[in-house]
Structure formats: C-alpha cells, structure tokens
1. To one decimal in nm, how far is B:GLY201 from the same spot in the other copies, if labels go 7 Å from Cα toward Cβ? Please give the shortest first.
2. How much of the DSSP beta bridge set in the protein assembly as shown is antiparallel, as a percent to the nearest 5?
3. Note down the magnitude of the dipole of chain B about its Cα centre, charges +1 on Lys and Arg C-beta and -1 on Asp and Glu C-beta and zero elsewhere, to the nearest 20 debye.
4. Quick check: the angle from helix B:160-174's long axis to the longest principal axis of chain B, C-alpha only, nearest 10 degrees?
5. Per the Cauchy relation, a quarter of the hull surface: what is the mean projected area of the convex hull of the alpha carbons in the protein assembly as shown, in nm²?
6. Choose one answer from B:PHE157, B:PHE224, B:PHE191: the residue with the largest mean-square fluctuation in a GNM of chain B with alpha-carbon springs under 10 Å.
7. For the pair B:ASP159 and A:SER8, what calculated FRET efficiency results from E = 1/(1 + (r/R0)^6), where r is the Cβ-Cβ distance and R0 = 51 Å, to the nearest 0.05?
8. In the neighborhood of B:ALA217, defined by Cβ-to-Cβ distances under 10 Å, what is the net charge if each Lys or Arg adds +1 and each Asp or Glu adds -1?
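Each value in this text was obtained by applying a stated rule to the coordinates, not by laboratory testing. Everything quoted here is computed from the prediction, not taken from an experiment. FYI the Cβ positions are ideal-geometry reconstructions off the backbone, even for glycines, and counts take in every protein chain you see.
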Number of protein chains: 2
Amino acid sequence: MSVYTKVSPEQLAAWLKRYAIGSLLELQGIADGIENTNYFVTTTQGRYVLTLFERLRFEELPFYLNLMAHLARHGIPCPAPVADRDQSLLGALNGKPATLVTRLSGAPVFDPGERHCGQVGAMLAAMHLAVAGYDGTLENPRGLRWQRQAAPQIVPFLDDSLKALLASELEFQAQQRVEILPRGPVHADLFRDNVLFEGGGDGTTQRIGGIIDFYFAGIDTLVFDVAVTLNDWCVDAAGNIEPGRARALLAAYQGARALTPAEREAWPAMLRAAALRFWLSRLHDFYLPRPGELTHAHDPEHFRRILELRRAGAFALPSGPLP
Amino acid sequence: MSVYTKVSPEQLAAWLKRYAIGSLLELQGIADGIENTNYFVTTTQGRYVLTLFERLRFEELPFYLNLMAHLARHGIPCPAPVADRDQSLLGALNGKPATLVTRLSGAPVFDPGERHCGQVGAMLAAMHLAVAGYDGTLENPRGLRWQRQAAPQIVPFLDDSLKALLASELEFQAQQRVEILPRGPVHADLFRDNVLFEGGGDGTTQRIGGIIDFYFAGIDTLVFDVAVTLNDWCVDAAGNIEPGRARALLAAYQGARALTPAEREAWPAMLRAAALRFWLSRLHDFYLPRPGELTHAHDPEHFRRILELRRAGAFALPSGPLP
C-alpha cells in the first residue's frame, strides 16, 4: 500500500507530547506494508516508526503490542512499542489506533544463502523460547477457523480442479491432531521481507538487525511457524525446497529448540498447512480486496504450486545428530 | 576497576541457557567502572553487557533494573535488562547478583560543546518525564542521610578549614525545604562518562546513543539531578560554570520540562548540594576505600573547589522566555 491516513508534522508534533521522546525532527511516509499506515519518525531523541492501524481493531492490538514488548524485553530484536507518559502502548491519531515503536536497522535480503537461513532458524527458535510466559491470547487470525470461513467465499472464483484441491486439503488438515503439538504466540509470517539484516559491507558477516511486522501473529503451533518460515526462506522461485538452505534453517532451529516426536511426525502436514494458509489468504486478497485497497495483491499461484509440491512429498527433517 | 569476578566462556555459555538470546560468540572484560564487574557479551543474536554486582545487594537491584526497563520502555536509550525465560531480570553467576543488559552504541565526549550540553539537557528532561508512573522506591543512596553518616567518618582526615566547610554546608543543606520540590527516581550521576554519543564522522551531528550506569540512581529531587549534571557538563577544569554550555543545557531541559517556582528558588542551594554530594563521596572513597578496591579514587579537591565556587555565587537560571 501507500500511506492511507495522512498525518501532518503539526498533528504529530502535538501528539508526541504524550511521550517523553523529545521533539519532532522529521516525518516520512513508508510505501511498504499492506495492512497499516506507517511513517518513519525522527525526534531529537531517536528513530521510531509510527503505525496507524487500518484493519486491526483497538481490542486486538494489546495482544500484538504486548507480544512485541515481551519479546524485546527478552532480547529479541523486534520493534519495541514505546509507552506514553500514561504507560499506554496504544493511542489514537486521526481516528485510527496508533502506536510508536523503535526503528530497527538493516534491510531485507531477498536472495538468502544458507548462512541467512541458519540465522533465521536460530532467531525463530529464540522467539519460540522467549514467548514462554507471555499470557496474551489471540488465535492465529489466519488459522484453520478463518480458512473455513474464507473458503466458501473464494470457491465461486475457482475452477473445478482448484475447488477439488482446496476441499481435499481442508479435509486433510481437519484430520490432523494439532492439539497435541506445542503451541504459543507465533509470528506466523516470517517471510524474507520481515527480517532485516545489517552489516555485510567490507566482507563482514550479515547479521539479523530486526524481526518486523508482527501483525499476523497469533496462538498456533510452533511447528506451523517453522513450516511457514521454511516455505519462504528455503525455496526456489518455483517453490521447490532447496535442501542446503532447509537443512541450515532446521539445524540452527533445533540447535536451540529440538522438535518433539509429535512435531516431527506432524512436519509433512505442517508444510502443507503453511502453504494452504497463504494460498487461501492470497486468493482472498485477490478476489475479495477490501474497499480502498491500494496494494497489489500477491500472486496466489506461487502458494498453490507450493501446496501441490508439499502434497507430493515433504522435505524430510534431517535425522541423526544435527550439526 | 578492572574485572573483579572472573567468568569463563564455559561458565557463561552454560548460564546463557536461561535466556533466549542465542549462543555465546565472544566474552570480553571491561576495564572501566568502579562498582561492578562488567563484560561485553556477543551472542549469535546480539551484543549485550553482563554485569556482576560487587557492592549492591540482591534486594536493592530490582529498583535499578526495573527503572532501566521502565525508561527503555518509554523510549529512553538506556541499557534494557534482558528477561530470562523465567521472566526474571536478575540472576546469580559465580555467587554474585548478575544481569544482562542490551549494549548501546557510542562513546563518551569529554570536551562537550553547547550542542552536547543541549542534548544532555533535553535527555535529562525526557527521563524526568518518563519516570512518572514508575513505582520503585529507593532513596538516593548518596543523599543527605548517607552524607550525615559519612561525614563523621571523614572528619578525622580533614584539616580545620575543611572541617568547617563541611559542617557549614551540611547545616545549610539541612535547612533547605527540599520536601516541597518535585521528586522522582533520578539518575543522580549523569556525568560525561555516562552519556554515549554516536555519529560525528564526516561532519554529521553527534547524537546521544545511550545513557548508562544507573547504579547511583534513587529517589531525590529532580532539580538536584539537573544540578549534578550541570556541575559536570558545563564547567571548566577549575569548576567554573561556562555560561554558554549552562544556558544550552538549561534551555533544552526547560524546553521539555519547565522548572517550577520552588525549583527555581532552590537552584543555588541545589548546585551546592550537588557539589557537596560528590566532594563527600570522593573523600570517603579516598580515605576509606573498600577492601580490595582496585580503582583509582577520583580527586576530591575538584568538588571541594566547585562547592566553594557555588557557595560564593550560583549560576543564575536564565530568566524570561527560553529559546
């Protein structure tokens, strides 16, 4: 999207008086992002991101903001919501729920190698360890419940073979015993554009500077989050899993958090569930865009292919001792 | 000091398992600091500082750690204590209370100009605004109560003129009505070595990257904190106030938080109180060093001179509208 809700420097300068972060130096709209209006905000004290929420409602936001605050407090490099002088992480600006978070450094890497995938796997495991003790509850907003609601709206747009694929996969997923898998608040959208890497000049190693965009997070199984991440980081343009990168991600993940036997057993189904979730949401965004949507919808076909590939055969988890 | 308590990489790697911050890459002792053992810690996930407390007791530490966490949450660039997987900010390592905090970037500036002093004044005001709502209670550990206990131990080492100066100033301070002044948790030691500036290469402006060393913080009057800061940042080598830097600090402070009439009236006495506090603590450290103290004590004479200068005449607060 581009910026949905206009904020003038004068409006923001007045609004910033509720915080203790100095005075406004610069305000700059951010063109990226699908769901929210984002601005870079520079004050005399530091660099922040202002987010106005266009889709999420006030009552949903504490889950996200408190989750980011919890993760930041545990050393995860994620945007940390800034509390205002009344201790609130959430305010309202121009009629929209609004928050200010710390700005992280780095940029996405769109052609990741094994090293990047290893770092992402380790960071994902660290997040799964760090959420222990977080007591917020919000079901994955694009979980199976949403998928069952969205499917009937999408079916009229699909040809018979796609209808059959969707029905078959929904039925398969309904049979999985996800309730025996470890659950928690998961990012659920840890794609390449949501990990910022810094460094890399002068032959130095690139390192993760930030994990961003938690606004699809929710309670789901941890192994689903691993599958979502692998389906993006470790595939070629056609959606085939690239074994070197997949092994790097999984080994680093399991170096910090070993998958349980139940998770290992669920793995092939989870790779399919992760593909289904994005195929469905992209179909939904494509055929049923929200009014006023400015963004280009992502291509649903990419995840249809990935789903078909994962149905045909999963990437086997490395067995034996991990590096 | 140099490092008091040895920590081996093996010990630390085991200890870090309580956190979700990746695995240890590098451990490096820090020679600075008077009261604690500090190490730089680099993990696969980021850069941290490990502190083992040599003077402070377990029961005193929550005040400091929660204060830093509170300020960080409000956007103040201070070390943020990292919570372990049991949600605790405080652990024990090699028999000492220990904590891990985020590492900030930048380096102290020891020849500050008006710009630096302005930024310090603005940051101090932001901290005084941000502490509202912090409910920790710990009296300034070097406040008037400590001073009255320490004075009799120091008196035997002083000649008659210094004894008279100390007695006179303690009596003067006892007469001040500090109870009518706004109070709160204050840094109380915001000297040049506790502010990190970053940038400044290629003609860019230096900006504050971090405020560090909160381990002399406590509840005291806000204007005392301003006086402590000014007595260090805005003086020449002889302790004379340099008017340009003092005006820059005070104008920036009052741009964010105006001093009350009572604070303005107390100002000359507060400049003296701030000088007395450091004269006394330096005398104490000089004549009564702790057993095993490795550090060089700071010269008490510097603050004796400052005290005499402030008794002879205060730097008047700028009146009229501030820039």
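1. Listed shortest first, these distances are 0.7 nm.
2. Antiparallel bridges make up about 95 percent of those DSSP assigns within the protein assembly as shown.
3. The dipole magnitude comes to about 420 debye.
4. Around 80 degrees separate the two axes.
5. Convex hull of Cα atoms, orientation-averaged projection: 30.9 nm².
6. Residue with maximal mean-square fluctuation among B:PHE157, B:PHE224, B:PHE191: B:PHE157.
7. Working from the Cβ atoms, E equals 0.20.
8. Result for the local shell: -4.
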